[in-house]
1. Just give me the residues in region 117-161 being in a loop (DSSP other than H, G, I, E, B), more than 21 Å from residue 39 (Cα to Cα) and either touching a helix residue (DSSP H, G or I) at 6+ places or on another chain (Cβ under 6 Å) or touching a residue at least 24 places away in the same chain (Cβ under 8 Å) (or both), in sequence order.
2. Take residue 99 and decide whether it is surrounded by fewer than 15 Cβ atoms within 10 Å (Cβ to Cβ), under 28 Å from residue 160 (Cβ atoms) and under 16 Å from the mean Cα position of the chain (by Cα).
3. Does residue 31 satisfy the condition of being surrounded by fewer than 19 Cβ atoms within 10 Å (Cβ to Cβ), more than 16 Å from the chain's Cα centre (by Cα) and either closer than 26 Å to residue 132 by Cα or modelled with pLDDT of 95 or more (or both)?
4. Show the residue pairs meeting these rules: Cβ distance below 6 Å; 6+ apart or different chains; first residue within region 19-30 and farther than 12 Å from residue 54 by Cα; second residue outside any helix (DSSP H, G or I).
5. Taking the criterion of being in contact (Cβ under 8 Å) with a residue 12 or more places away in the chain and either in contact with a strand residue (DSSP E or B) (Cβ under 6 Å, 6 or more places away or on another chain) or not in a helix (DSSP H, G or I) (or both), would at least one residue in region 37-45 satisfy it?
6. Among the residues of region 66-84, how many are assigned to a loop (DSSP other than H, G, I, E, B) and touching a residue at least 40 places away in the same chain (Cβ under 8 Å)?
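The values are calculated or read from the model by the stated rules, or taken from the named source; none is laboratory data. Predicted, not measured: the structure shown is a model, and the values here were computed from it. Positions of Cβ are backbone-derived with ideal geometry, glycine not excepted, and every protein chain shown enters the neighbour counts.
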């Protein structure tokens with residue numbers, strides 16, 4: 001596969017190779033590595049060619065090429081046309097709008113892809129910054145669940161029309 005890049009105003013989202021994705025995990029602190037989904041890690045290990053639904057993207061500043069974080073999808077699209085995205089910005093680059101740009105780019109990419117109807121995300125209830133990112137990107141909070149790996153999380157959705165299929169009353 002040739003180089004796959006999603007572009008935003010200030011970022012280049014560079015599709016990682018399988019080796020780059022695994023190296024990124026190895027470079028994490030033990031605490032952060034413990035947060036990595038074992039199901040996602042198994043998919044990354046099994047997939048030998050770069051794939052936007054399996055491998056993450058490195059978020060690079062377009063002007064400098066500096067890595068500012070990573071983003072991607074939790075799994076390939078499911079049978080109902082849904083996909084979940086995730087993102088993280090390096091601590092030294094937070095508060096600059098990079099998460100919002102990356103989230104919007106991933107959601108737009110997914111919703112332009114054949115068969116994708118809904119993009120989902122989840123946040124921990126104490127992550128106000130991530131909640132603001134999702135709201136800015138057109139996601140609506142639809143509920144909460146006890147996630148098998150993350151505990152209680154808030155669920156968010158955005159469909160092709162930019163609004164969730166259900167919304168909670170505030």
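1. If the condition is that a residue be in a loop (DSSP other than H, G, I, E, B), more than 21 Å from residue 39 (Cα to Cα) and either touching a helix residue (DSSP H, G or I) at 6+ places or on another chain (Cβ under 6 Å) or touching a residue at least 24 places away in the same chain (Cβ under 8 Å) (or both), then 117, 125, 137, 138, 139, 160 are the ones that fit.
2. It is false that residue 99 is surrounded by fewer than 15 Cβ atoms within 10 Å (Cβ to Cβ), under 28 Å from residue 160 (Cβ atoms) and under 16 Å from the mean Cα position of the chain (by Cα).
3. Spelling it out, residue 31 is indeed surrounded by fewer than 19 Cβ atoms within 10 Å (Cβ to Cβ), more than 16 Å from the chain's Cα centre (by Cα) and either closer than 26 Å to residue 132 by Cα or modelled with pLDDT of 95 or more (or both).
4. 25/36
5. yes
6. Total satisfying the criteria: 0.
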